[in-house]
Amino acid sequence: MNKDKIFKLAKGFRGRAKNCIRIARERVEKALQYSYRDRRNKKRDMRSLWIERINAGARLHGVNYGNFMHGLMKENIHLNRKVLSELSMHEPYSFKALVDISRKSFPGNKVPKKEGLSTIL
Amino acid sequence: MACRRCLASLTRHFRSRFLSNAALENPQTLIFRALGPRTLRGPLLNSFDSPAGFGGIDSLQFNITRHLSSRPTNPSDEEEEDEEEGGESCEEEGGEAQASRCVVQRGKSEEEKIKEASEIGYKVTGPLDPSENPFKPYEPVFAVVQIGSHQFKVSNGDSIFTERLKFCEVNDKLILNRVLMLGSKTQTIIGRPVLPDAAVNAVVEEHALDAKVIIFKKKRRKNYRRTKGHRQELTKLRITDIQGIGKSANVATNA
């Protein structure tokens, strides 16, 4: 019974690790350990992905991430990074409104000279 | 795992794009066809077969298993879900219809305390669905809502997986009153931190268990190995309405 479970978990493994029980057992145990560790890492990775996206979206409007978040905290806006990254991707006008609020509350950056396409935004 | 939540958010994006392009009567025609011979839960579960098609079968299966996994409702209670606390003496209760029940009962305290506990999760349980149809076609309005410690960007017709919400059954209407932001095509309203007049209506679609994760711990060369399975309890909500923003306003202002 246990062997069947091991082989079921070993689907897609490379070489003998999906067919031979001795090798499969080792690889499956390693895979389960990795998944335990990575369930914790996934939360960190997602947060840093959201921060990258917020940074990119805010820099389009001339504010970097640190000043943007500081301005939001000062204005008592409690949107978390997950939602902010979704807004920066899918709701550009709302995100620009947030950037304007943040810049008004904490003017840390000079507005850069806009060239080309960014003059339209 | 978050796999069900990820799938739900993926189909949500595709569905919102699909339904906005396609004819808006599609959900309603499906609902009207389904209302006739089916039970009360039928139209709610069968009307939202997403284009990916994953909602129908799963929801039917969970419909069957719900009878096994959810706690049994107390048939001697009234229509609302009042639960009296075990160990409370009869003197504390109102004594109107409950004076005869001095026996120890399971569950939390009275109606007011249930509502207070609901406020912690930022929802207010409205009345049950009396075979009306609260679902509307898609509108291009979004709200950012907070439930517990999780925030969601929702729109009309979305489905959300949250942590198991305690005081509601399937087909309950909920009002999520912790709304952090509203947006439409012409307006954006940002709360600091909450918008007091905004509300998001939702219906509980199912109480489900997440996919099983295996918790495996091992210390090498020390003869230590532990295996455990875990299924997180979730609630699936379907967002029906967003209130607090003018949806077809032509004024371009930012609040």
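The values are calculated or read from the model by the stated rules, or taken from the named source; none is laboratory data. Bear in mind that the values here come from a model prediction, so they are computed numbers and not experimental data. Positions of Cβ are backbone-derived with ideal geometry, glycine not excepted, and every protein chain shown enters the neighbour counts. All accessible areas refer to the heavy atoms of the entire protein, side chains included, with ligands and DNA or RNA removed. Shrake-Rupley method; radii C 1.70, N 1.55, O 1.52, S 1.80 Å.
Some points to look at:
- Selected residue [among the acidic types (Asp, Glu), surrounded by 15 or more Cβ atoms within 10 Å (Cβ to Cβ) and outside any loop (DSSP other than H, G, I, E, B)] from A:Glu86, A:Glu52: A:Glu86
- The residue pairs whose first member lies in segment A:73-86 and is more than 9 Å from chain B (Cβ to nearest Cβ), whose second member is in a loop (DSSP other than H, G, I, E, B), and whose beta carbons are closer than 9 Å, counting only pairs six or more residues apart or on different chains, are A:Met73/A:Phe106; A:Lys74/A:Phe106.
- Filtered residue count, segment A:38-51, keeping only those that are more than 27 Å from A:Asn2 (Cβ to Cβ), at the interface with another protein chain (Cβ under 10 Å from one of its Cβ atoms) and not aliphatic (A, V, I, L, M): 2
Residues are listed down the side, and each one gets a yes or a no for (1) surrounded by fewer than 12 Cβ atoms within 10 Å (Cβ to Cβ); (2) farther than 21 Å from B:Val141 by Cβ; (3) modelled with pLDDT of 90 or more:
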| residue | (1), (2), (3) |
| --- | --- |
| A:Ser48 | yes, yes, yes |
| A:Ala56 | no, yes, yes |
| A:Leu60 | no, yes, yes |
| A:Phe95 | no, no, yes |
| A:Ile101 | no, no, yes |
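- A:Gly12 part of a loop (DSSP other than H, G, I, E, B) and touching a Pro at 6+ places or on another chain (Cβ under 7 Å): no
- Filter result (more than 14 Å from chain A (Cβ to nearest Cβ) and either farther than 30 Å from B:Ser184 by Cβ or surrounded by fewer than 16 Cβ atoms within 10 Å (Cβ to Cβ) (or both)) within segment B:232-244: B:Glu233, B:Gln243
- Residue list for segment A:55-70, restricted to those being part of a helix (DSSP H, G or I) and under 18 Å from A:Pro92 (Cβ atoms): A:Asn55, A:Ala56, A:Gly57, A:Ala58, A:Arg59, A:Tyr65, A:Phe68
- With respect to the conditions (1) closer than 22 Å to A:Glu91 by Cβ; (2) under 14 Å from the mean Cα position of the chain (by Cα), B:Val144 falls short on a single one, namely (2).
- Among the conditions (1) more than 26 Å from B:Arg178 (Cβ to Cβ); (2) more than 12 Å from every other protein chain (Cβ to nearest Cβ), A:Ile54 misses just one, which is (1).
- If you go through segment A:8-37 and pick out every residue that is closer than 25 Å to B:Arg221 by Cα, loosely packed, with under 11 Cβ neighbours inside 10 Å and within 12 Å of chain B (Cβ to nearest Cβ), you end up with 1.
- Considered as a group, the residues in segment B:187-231 that are among the β-branched types (Val, Ile, Thr) and more than 10 Å from chain A (Cβ to nearest Cβ) include one that is nearest to A:Arg39 (Cα to Cα), and that residue is B:Val204.
- Condition met for A:Arg103 (over 27 Å from B:Lys185 (Cα atoms) and assigned to a helix (DSSP H, G or I)): no
- Exclusive hit being open to solvent by 10 Å² or more (accessible area, probe 1.4 Å), closer than 13 Å to B:Ile245 by Cβ, within 14 Å of chain A (Cβ to nearest Cβ) and among the hydroxyl-bearing types (Ser, Thr, Tyr), set B:Ser149, B:Ser184: B:Ser184
- Pick from segment B:154-181, criterion within 14 Å of chain A (Cβ to nearest Cβ) and outside any strand (DSSP E or B), ranking: nearest to B:Pro196 (Cα to Cα): B:Arg178
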